[in-house]
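The values are calculated or read from the model by the stated rules, or taken from the named source; none is laboratory data. Keep in mind that what you see is a predicted model, and the values were worked out from it rather than measured. Glycine gets a Cβ as well: all are built from the backbone with ideal geometry, and neighbour counts include every protein chain shown.
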Protein chains: 2
Amino acid sequence: MEGKLKTDRCRTQILFLWSFLAPAVALAQTQAPAHPLDALKTQEYWTVYEVLQGTGRIDKDTYTASVLLHEPAKDKVLAWKDGDPIQREADVILLRKGHVTEARIDIAGRKLESWQERKGVQAPILESEFKDLGELVKNDPRVVDALAKRGIKDLTTVECVPLPFGYFAIPELEGHRIMYGGCADHRGAYLTWGRSIEGLLVKVDAVEKKVLDVTDEGPVPVPTSPINFQEAASIPRPGTTPLAVTQPLGPGFQLAGGEVRWQNWRFRVRLDPRVGPVINLVRFDDGTNLRSILYEGSLSELFVPYMDPAAGWATRIFIDAGEFFQGGVLRPLREVADCPANATYFDGLVPDEHGIPVLRSREACLYEFSSGAPAWRHFEKEEISSRPSRTLVLRSAAVIGNYDYLLDWRFEQDGSIHVAVGATGIIETKGVTAKKANHDHAMSGASEVSEAAPDEFGHFVAENTVGVNHDHFLSFRLDLDVDGQNNSFIAHRLKQRQLPASTHRKSIWVAEPFRARTERDAMMDIHLERPAMWVFENPNVRGPLGYATGYEIMPGHAAASLLDPEDGAQRVGAFSSHQLWVTPYRADELYAAGVYPTASKGDDGLAAWTKANRPIENTDIVAWYTLGFHHMPRAEDWPVMPVMWHEFVIRPFNFFPQNPVLTLPNAP
Amino acid sequence: MEGKLKTDRCRTQILFLWSFLAPAVALAQTQAPAHPLDALKTQEYWTVYEVLQGTGRIDKDTYTASVLLHEPAKDKVLAWKDGDPIQREADVILLRKGHVTEARIDIAGRKLESWQERKGVQAPILESEFKDLGELVKNDPRVVDALAKRGIKDLTTVECVPLPFGYFAIPELEGHRIMYGGCADHRGAYLTWGRSIEGLLVKVDAVEKKVLDVTDEGPVPVPTSPINFQEAASIPRPGTTPLAVTQPLGPGFQLAGGEVRWQNWRFRVRLDPRVGPVINLVRFDDGTNLRSILYEGSLSELFVPYMDPAAGWATRIFIDAGEFFQGGVLRPLREVADCPANATYFDGLVPDEHGIPVLRSREACLYEFSSGAPAWRHFEKEEISSRPSRTLVLRSAAVIGNYDYLLDWRFEQDGSIHVAVGATGIIETKGVTAKKANHDHAMSGASEVSEAAPDEFGHFVAENTVGVNHDHFLSFRLDLDVDGQNNSFIAHRLKQRQLPASTHRKSIWVAEPFRARTERDAMMDIHLERPAMWVFENPNVRGPLGYATGYEIMPGHAAASLLDPEDGAQRVGAFSSHQLWVTPYRADELYAAGVYPTASKGDDGLAAWTKANRPIENTDIVAWYTLGFHHMPRAEDWPVMPVMWHEFVIRPFNFFPQNPVLTLPNAP
């Protein structure tokens, strides 16, 4: 577990209860790793930095776009025992004048292991590129002219940002680092959201630091509707009384060497700059054995395509983690608001664009809560049998520009894990000349919609401000190891069966278990008329009733991409084409849209790997769940969105011999 | 609000805070109704009883199958003001020797308003029928023989129950009251679940009290696997520390004349014997106006078909509310386990089979809780803006035989209502000769499944015990009145649109709003490739941005029935064919499978009414959401199921001019 332990609870109590952890907590920046899957420590970042400097190949034009833990081989991690030496390597992406080099560093050995130049790929955007290219765009005479035409002469309040756009749109990305920029004027506001300067699209060469092209489709006034959510009044709701959650004896989980132990659960967490929280070695103590469930689980990628063909909007097809993770995707949580008063916080480390470690406070929180609902119950013959439940929540917030994604891993006592995504933050809006909607939204069909309606591609959320339609697809990589590494994927397909007349019924459904032999068999699309239950089982381990032990992935409210499969954008975000994929485990297959999504031709990532249609039976397999939702903004989403939660569930299926919460205590 | 107020909190505090309510609370059994939509009060049940007795038409063979509030006309309720006289009527279903009579009683006038004999319908099963017919079955010589053949000679521990089976299966239901009985032997256990006596199906005439037919397909040993969940040990999980939720100043909601006031929400609740909690007059105080959202919301029906063609199993196609509500569907909640320590409980009243009121404690609870998640947040420029959230939960538990359904109405501060169903209790199991599964479940297709597998229609959950596959479909009736009675239903259909090459993209999706003109237009099926957003709007009220004000129904994980539409069972549970239906408001259209589902030919209920394809534009309309899930049991569901939650969300869509939780207080 990363960094310093923070909490809102009485410090003396904690010091008493956690005194055995004190050295690790106090020396977070300089401590050595305790486990092969620990996040990179401060001194390890410095070692990487120094080894790279020592190569003599780093100059003032060289930037560090990424420093990530290179995990040791899975078998080595699984065989590792406390006290064994810990192999530590880092994978670095260097960007120099548009050219990408991958370096691997042996940290303990303090040496460069490999140095590999890569052609045809684009590193994620650097913080300094946002700043420098933004300034470049803003000061280009054509832009200054265009702004003046819009009545904007004081450029102090204008902010411009460059954004990547894929290879499919800019074939010259091959060998060049090209982006598209747009501007906003935050005059009168703290941030630029809701203040976009429309009709102005600027193409820049990020290496040559040159504006290549300025497209001006004509001025649209910058909206001025109120957007100050930061200082929104704090107004107590009528009749509100205090509601306190307290854990006077401290949390009900323990942290030992970075492992979280809560009730029967055991797992590790590291906070990764690219994908946020990575959950490792998730096991369940069934009283006799510590049984493996999930070797590794994390967000893998986000695909957020916008749905407006206008200049400056068609370009918005963000691959949010892979394009924007430099500096880390996680941002601090706010005590008492983002997590409850009984939460414990964890700091994180991220490398800056020189690879130098930066401390980030409260990048995750861990807490127990009770929803007040039972774990199970039954009433009969005047007896109520019921046991109260509680939940352990690990929460982080990935912030990618305007959007904040709360990422929850909720461990339940019954052996299930609820993975939940809470979307909040600011929607992207387009300034329009019209003040508000002027047509009747209640119509019978498309033919009655005026093509020129200012809200054709979204909804007004404020005057002159249209929230633009878009999608969110989040791919979660779930390296399930149910009772061991070799698993199979079974789709239990529910099919109608006709019955003989003697039954007085015409039909039932029967479940037909279908074991996926290869990747193509396991590309799952949700159809209500052809339902399937998705079970990952270990064919080598049988429960007492004769079934292979298993875990099920249960989707929640889901969405599939509506883009043309031949659309270049869709080829990059192709993981959104299915709600579930299953691949054989490969150490280097981590990101659903590939390592370098920006200039991708669709030749890396889930859709590319699975073209080989590899076998996935009784072998180490990885599940990829696509959590997706279409977002058609509404007035309530402005100026900041109420959190919208979506989730899926990973739950035991014939993993336990019976209900694992049967013997829960009577007290919550 | 029904009955006595109970709470776990300090009584003196409550007495102080709620002293103005004391008369209502203390005199629950005898109080007069405070509002036209209050549940029937004790003295009202007695009045109904006395009026019926006074007709001279009640004899010892007459049973009262149902006494329900007959709601006053909607316009009268909406026009009603405190102090106005309250019209009170009750609808009674009488059952006498298989014949059904409907009576309406004017309670204030203490007189019979109507007396209507009904042909071709079947009343719900009476408690005494369960008992008497069970005894009848058990003592039939053929049954005694069949039991003896199974080695069962001591009948003390044998329990038999009659169960209804539809008209489609038993055409002689027309004019007769026929049921099918089965038996179980609870020797060594408290309850009969998991102890079924298979292969024995007994047809009985419930009026003649006669066993018509005994089918014995041969003995199967009664399973003996452990099923004692009632006395399951209470074992503290390692490291557990106390976690307390306290509200020292009492709850943050108020109860005034039966209305719940919580923050900006206002609503009424009554506990109905047939459908459980009925939420009425749900309104939101936006600071200026008390705005209508939902006139009435409740569960309407449950359809639970089992998927095994065996004798005694094909007959299990339960219409859980309509067939089994005599005596009320709700059962008590257990303090601290089913609801948290800060919950307030409400008692309920149900009529027994003579119409005599019975007090039921803790039929619902109401409490606030905080999940610890924010209502909204955004991080940018080193600032975290975030506001903590809390939720108000109204919970009940409908218990229908083996299953307990937790019914939650969760009111959120952001104007949304999450309706959640937690399925728990005991699954229905079939005794089989095989001890456990003996075939490999990992197969490539149906052809490899042995037809004779003992678990062909479910999964073993214990030795000799197969949990049988089944479905749950719950229809929720939602009489949305968004800013008034006249609403329209808009399906915003998301459709792919091809783009010109100049955009560098091939496609986007656009939302095409489609206003449903008639009921058929509004039968919504969920297809991921053809998504639609379901919005109920008031075309007569515009928000400041020009849009009609609206509320959206967002489905959760959903299921559609897989039965043949021509299946008689499916015709009765036809509401399961679509995930959403919209009908014009009719006071007498309350139950999705009709008033009398048992002998239904499919001529009452949603599918029947909507055949008229009535107009639903700009008129008073009702939404019917089908919450469905397929249940393929797993070992973890035995001997009592961990709660499995499913939910859907009713949320504002351009109802508020902006985010309604923007100004939440900084403290939770």
Just to be sure before I move on: is A:V466 hydrophobic (A, V, I, L, M, F, W, C) and in contact with a helix residue (DSSP H, G or I) (Cβ under 7 Å, 6 or more places away or on another chain) in the structure I sent? no
Assuming A:E129 fulfils every condition listed in (1) in a helix (DSSP H, G or I); (2) surrounded by fewer than 18 Cβ atoms within 10 Å (Cβ to Cβ) apart from one, which condition is it? (2)
Taking the criterion of being at pLDDT 95 or above, under 30 Å from B:N469 (Cβ atoms) and under 18 Å from the mean Cα position of the chain (by Cα), would at least one residue in segment B:354-367 satisfy it? no
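If only one of A:A311, A:A341, A:A364 is in contact (Cβ under 8 Å) with a residue 12 or more places away in the chain, surrounded by 24 or more Cβ atoms within 10 Å (Cβ to Cβ) and touching a strand residue (DSSP E or B) at 6+ places or on another chain (Cβ under 9 Å), which one is it?
On the way: A:A311 fails: surrounded by 24 or more Cβ atoms within 10 Å (Cβ to Cβ); A:A341 fails: surrounded by 24 or more Cβ atoms within 10 Å (Cβ to Cβ).
Answer to the check: A:A364.
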Under 7 Å by Cβ, and 6 or more places apart or on different chains, what pairs join a residue from segment A:456-468 that is more than 7 Å from chain B (Cβ to nearest Cβ) and among the polar types (S, T, N, Q) with one that is assigned to a strand (DSSP E or B) and buried (at least 24 other Cβ atoms within 10 Å of the Cβ)? A:T465/A:T429
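Can you find, within segment A:531-546, the residue that is nearest to A:V482 (Cα to Cα) among those that are assigned to a loop (DSSP other than H, G, I, E, B) and touching a residue at least 60 places away in the same chain (Cβ under 8 Å)? It would help to see each step written out before you state the result.
Within segment A:531-546, the first condition is being assigned to a loop (DSSP other than H, G, I, E, B), and the residues that meet it are A:531, A:543-546.
Checking which are touching a residue at least 60 places away in the same chain (Cβ under 8 Å) leaves us with A:543-545.
Values: A:G543: 12, A:P544: 16, A:L545: 17 Å.
Across segment A:531-546, the extreme among qualifying residues is A:G543.
Output the residues belonging to segment A:315-349 that are closer than 25 Å to B:A501 by Cα and assigned to a loop (DSSP other than H, G, I, E, B).
Within segment A:315-349, the subset closer than 25 Å to B:A501 by Cα is A:315-320, A:323.
Within segment A:315-349, A:T315, A:R316 meet the criteria.
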Please enumerate the residues belonging to segment B:517-548 that are touching a helix residue (DSSP H, G or I) at 6+ places or on another chain (Cβ under 9 Å) and within 9 Å of chain A (Cβ to nearest Cβ). B:D525, B:G543, B:P544, B:L545, B:Y547
Tally the residues that are touching a residue at least 40 places away in the same chain (Cβ under 8 Å) and of a type in the set (K, R), restricting the search to segment B:244-282. 3
Of everything in segment B:486-530, what is of a type in the set (K, R) and part of a strand (DSSP E or B)? Give them in sequence order. B:R493, B:K495, B:R497, B:R515
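Quick grid of which residues meet (1) in contact with a helix residue (DSSP H, G or I) (Cβ under 7 Å, 6 or more places away or on another chain); (2) in a loop (DSSP other than H, G, I, E, B); (3) more than 14 Å from chain B (Cβ to nearest Cβ):
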{"residue": "A:E636", "(1), (2), (3)": "no, no, no"}
{"residue": "A:P642", "(1), (2), (3)": "yes, no, no"}
{"residue": "A:E647", "(1), (2), (3)": "no, no, no"}
{"residue": "A:Q658", "(1), (2), (3)": "yes, yes, no"}
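Of the residues A:T619, A:T626, which single one is modelled with pLDDT of 95 or more, within 14 Å of another protein chain (Cβ to nearest Cβ) and under 17 Å from the mean Cα position of the chain (by Cα)?
Numbers: A:T619 fails: under 17 Å from the mean Cα position of the chain (by Cα).
Step by step, each of A:T619, A:T626 is checked, and only A:T626 is modelled with pLDDT of 95 or more, within 14 Å of another protein chain (Cβ to nearest Cβ) and under 17 Å from the mean Cα position of the chain (by Cα).
Might you check whether a residue that is out of contact with any strand residue (DSSP E or B) (no Cβ under 7 Å at 6 or more places or on another chain) and farther than 30 Å from B:T55 by Cβ occurs anywhere in segment B:130-140?
Filtering segment B:130-140 for residues out of contact with any strand residue (DSSP E or B) (no Cβ under 7 Å at 6 or more places or on another chain) gives B:131-132, B:135, B:139.
Subset that is farther than 30 Å from B:T55 by Cβ: B:135, B:139.
Taking every residue of segment B:130-140 in turn, at least one turns out to be out of contact with any strand residue (DSSP E or B) (no Cβ under 7 Å at 6 or more places or on another chain) and farther than 30 Å from B:T55 by Cβ.
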Determine which single condition A:K111 fails, assuming it passes every other condition in (1) touching a helix residue (DSSP H, G or I) at 6+ places or on another chain (Cβ under 8 Å); (2) modelled with pLDDT under 95. (2)
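Every residue, every condition in (1) over 27 Å from the mean Cα position of the chain (by Cα); (2) within 14 Å of another protein chain (Cβ to nearest Cβ); (3) modelled with pLDDT under 95, yes or no:
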| position | (1), (2), (3) |
| --- | --- |
| A:Q122 | no, no, yes |
| A:L126 | no, no, no |
| A:N139 | yes, no, no |
| A:V144 | yes, no, no |
| A:K149 | yes, no, no |
| A:V158 | yes, no, no |
| A:L163 | no, yes, yes |
| A:Y167 | no, yes, yes |
| A:I170 | no, yes, yes |
Residue ID - modelled with the lowest pLDDT, chosen from residues in segment A:558-577 that are of a type outside the set (A, V, I, L, M) and in contact with a strand residue (DSSP E or B) (Cβ under 6 Å, 6 or more places away or on another chain): A:D567
Report the residue count in segment B:368-390 for those that are buried (at least 23 other Cβ atoms within 10 Å of the Cβ) and more than 7 Å from chain A (Cβ to nearest Cβ). 0
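Yes or no, residue by residue, for (1) within 24 Å of B:L271 (Cβ to Cβ); (2) surrounded by 15 or more Cβ atoms within 10 Å (Cβ to Cβ); (3) among the polar types (S, T, N, Q):
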| residue | (1), (2), (3) |
| --- | --- |
| B:K60 | no, no, no |
| B:V67 | yes, yes, no |
| B:G83 | no, no, no |
| B:I86 | yes, yes, no |
| B:H99 | no, yes, no |
| B:E102 | yes, yes, no |
| B:I105 | yes, yes, no |
| B:K111 | no, no, no |
Checking A:H630 against (1) touching a Pro at 6+ places or on another chain (Cβ under 7 Å); (2) closer than 30 Å to B:P340 by Cβ; (3) in the same structural domain as A:W265 (by TED's automatic domain parsing); (4) not β-branched (V, I, T), which test does it fail? (2)
Give the residue, chosen from A:R362, A:R390, that is outside the structural domain of A:M179 (by TED's automatic domain parsing), closer than 30 Å to A:V161 by Cα and of a type in the set (K, R). A:R362
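Condition first: small (G, A, S) and assigned to a strand (DSSP E or B). Now tell me which residues in segment A:547-567 satisfy that. Give the steps one after another, and end with the answer.
Residues of segment A:547-567 small (G, A, S): A:548, A:550, A:556, A:558-561.
Result: A:A548, A:G550.
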Counting just the residues of segment A:217-259 that are more than 11 Å from every other protein chain (Cβ to nearest Cβ) and over 28 Å from the mean Cα position of the chain (by Cα), which one comes out surrounded by the fewest Cβ atoms within 10 Å (Cβ to Cβ)? A:G218
With the structure loaded, tell me whether B:N613 is more than 7 Å from every other protein chain (Cβ to nearest Cβ) and surrounded by fewer than 23 Cβ atoms within 10 Å (Cβ to Cβ) or whether it fails that test. yes
Do we have A:V582 as surrounded by 24 or more Cβ atoms within 10 Å (Cβ to Cβ) and more than 7 Å from chain B (Cβ to nearest Cβ) here? yes
In segment B:284-314, the residues that are in a strand (DSSP E or B), within 14 Å of chain A (Cβ to nearest Cβ) and within 24 Å of the chain's Cα centre (by Cα): B:I293, B:F303, B:V304, B:P305, B:Y306
